1. About the Cα centre of the chain, how large is the charge dipole given +1 on each Lys and Arg Cβ and -1 on each Asp and Glu Cβ? Please answer in debye to the nearest 20.
2. Order these peptides, 58-65, 115-122, 18-25, by their mean beta-carbon neighbour count within 10 angstrom, highest first.
3. Using a cut-off of 14 Å between alpha-carbon atoms, which aspartates and glutamates can reach LYS113, once sequence neighbours fewer than 8 places away in the same chain are excluded?
4. Per 5 Å bin, what is the whole-percent P(r) computed from every C-alpha pair distance within the stretch 5-107?
5. With a ≥ b ≥ c the root eigenvalues of the C-alpha gyration tensor of the stretch 70-118, is it rounded (a/c under 1.5), prolate (a/b larger than b/c) or oblate?
6. Under 15 Å from a label point 7 Å along Cα→Cβ of ASP94: give me every residue in the stretch 1-32 with its amide N that close.
7. What's the FRET efficiency of GLU138 with LYS6 using the Cβ-Cβ distance as r and R₀ = 41 Å, to the nearest 0.05?
8. From the phi angles alone, apply the Karplus equation (6.51, -1.76, 1.60; θ = phi - 60°) to the stretch 51-64 and give each ³J(HN,Hα) in whole Hz, x where the residue is Gly or Pro.
Amino acid sequence: MEYSEKVLDHFMKPRNMGEIPDATASGTVGNPICGDIMKMDLKIVDNVIVDAKFKTFGCGSAIATSSMATELIIGKTTDEALDITNQAVAEALDGLPKVKMHCSVLAEQAVKKALEQFYLENDMMTPERQIKFGILSEEHDH
């Protein structure tokens, strides 16, 4: 399997690994097929993600995608972070082997899980956000 230099770099020197003790929101997701588990902690101030940390139990690609996902969302508003896709994570790593794309999906899901908790706890879950989380369908009357 061929890995890009960026994947190897984020695996060997992961950015933002760890936990945020006073995290504003956290999300944990897992993939029962491969056994990977990702926990994402976010520190949100004035609707901007000022810090993000992850703990990942999984393969090198899972660690690299977690690391890159935190880099992509720090400094973004919660809504900007909500729009980050697994494809964006994979592209930022200069691609992933096809059999490892599920790792980028897990990274996207971990970010979304933490954001969902944040929106729900702060009574900020709008119909537009519900659509992005799949809680509401696009056809919903506003």
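We did not get these values from a lab; they are worked out from the coordinates using the rules stated. Keep in mind the model is a prediction, meaning the values are calculated, not measured. Reconstructed Cβ throughout: ideal geometry from the backbone, glycine too, with neighbour counts over all protein chains shown.
1. On the way: 14 positive and 23 negative charges, 125 e Å.
With only Lys, Arg, Asp and Glu charged at Cβ, the dipole is about 600 debye.
2. Values: 58-65: 24.2, 115-122: 17.8, 18-25: 14.6.
Packing proxy ranking, top to bottom: 58-65, 115-122, 18-25.
3. Straight-line reach from LYS113, under 14 Å: ASP41, ASP79, ASP83, GLU121.
4. 2, 15, 26, 26, 19, 9, 2, 0
5. Working: a/c = 2.98, a/b = 1.67, b/c = 1.79.
Here the stretch 70-118 falls in the oblate category.
6. 2-13
7. Numbers: r = 34 Å, r/R0 = 0.83.
Approximately 0.75, to the nearest 0.05.
8. 7, 8, 9, 9, 10, 10, 9, x, 6, x, 5, 5, 5, 5
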